[in-house]
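Below is one structure, written out as structure tokens; the observations come after it.
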Amino acid sequence: MKNPHDDPSEAARGLAGESFPVCLTESDLRTIDGFSTAKKAEWIVCKHIRDKFGADVRIEKDSEGADLRISRNGKTERIEVKGTKSQDIAWAKLKVSSRRSYDALRTGAASMYRVTDVDGSEPRVHVLKHGRDYDLKPQPRWAVKPAGKRTYPLRGRHYRYELPHEAVALHEWGVPG
């Protein structure tokens, strides 16, 4: 099998690995309206799996570094689900945040399902395998916080407050008593 990363134009178009469309009905689209991109992608993957295997499949949340755990006929598959509104894989935006996910993907304990066009009526699911379709490269990350929020300038510093004047008597205020 030709590696899609050998041809950058193929990788950019998202032609890596196995992929399949998932046809969504108007009812499906109403159900996921308002979901985040990540939740839409997970819902789409679950719909595909239920449509494909029916009652013979069990879908659970995975707690060991992937998003889903699929069980069927005594076999288990772990899936890390990543979604994008883009119609292609959008490699530059595809990130893995946790060390547990990284370990599961790198060792082959989990597959990555990249769902493209999550807002469309026919999103596409790409089944990606580490080493075949992608590599994991570390990169530094920073927390982003909204501008305008200010911290107190003296927080964490010692400050000595000295009164410049002695106490002021009521008659010195110039206010009738």
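The values are calculated or read from the model by the stated rules, or taken from the named source; none is laboratory data. Just so we're clear, the structure is a prediction, and the values are computed from it rather than from any experiment. Positions of Cβ are generated from backbone atoms using ideal geometry, with glycine treated the same way; all protein chains shown enter the neighbour counts.
Observations, loosely collected:
- Any chance S111 is under 15 Å from R132 (Cα atoms), small (G, A, S) and at pLDDT below 95: yes
- Qualifying residues in the range 77-98 (those that are of a type in the set (D, E, K, R) and assigned to a loop (DSSP other than H, G, I, E, B)) - the one farthest from I49 (Cα to Cα): K95
- Residues being among the hydroxyl-bearing types (S, T, Y) and touching a residue at least 60 places away in the same chain (Cβ under 8 Å) - total across the range 106-120: 2
- Every listed requirement among (1) at pLDDT below 90; (2) under 16 Å from the mean Cα position of the chain (by Cα) is met by L105 save one, (1).
- Conditions (1) at pLDDT 95 or above; (2) surrounded by 15 or more Cβ atoms within 10 Å (Cβ to Cβ): number failed by S121: (2)
- Residue, surrounded by the fewest Cβ atoms within 10 Å (Cβ to Cβ), within the range 63-93, restricted to residues that are without any contact (Cβ under 8 Å) to a residue 24 or more places away in the chain and within 21 Å of D135 (Cα to Cα): A92
- The helices (runs of 4 or more DSSP H) found entirely in the range 1-75 that carry 1 or more residues being modelled with pLDDT of 90 or more are 26-32, 37-53.
- Within the range 48-62, the set of residues being more than 18 Å from S19 (Cα to Cα), exposed (fewer than 14 other Cβ atoms within 10 Å of the Cβ) and not hydrophobic (A, V, I, L, M, F, W, C) comprises G54, D56, R58, E60, K61.
- Subset of the range 117-136 (residues that are part of a strand (DSSP E or B) and basic (K, R)): R124
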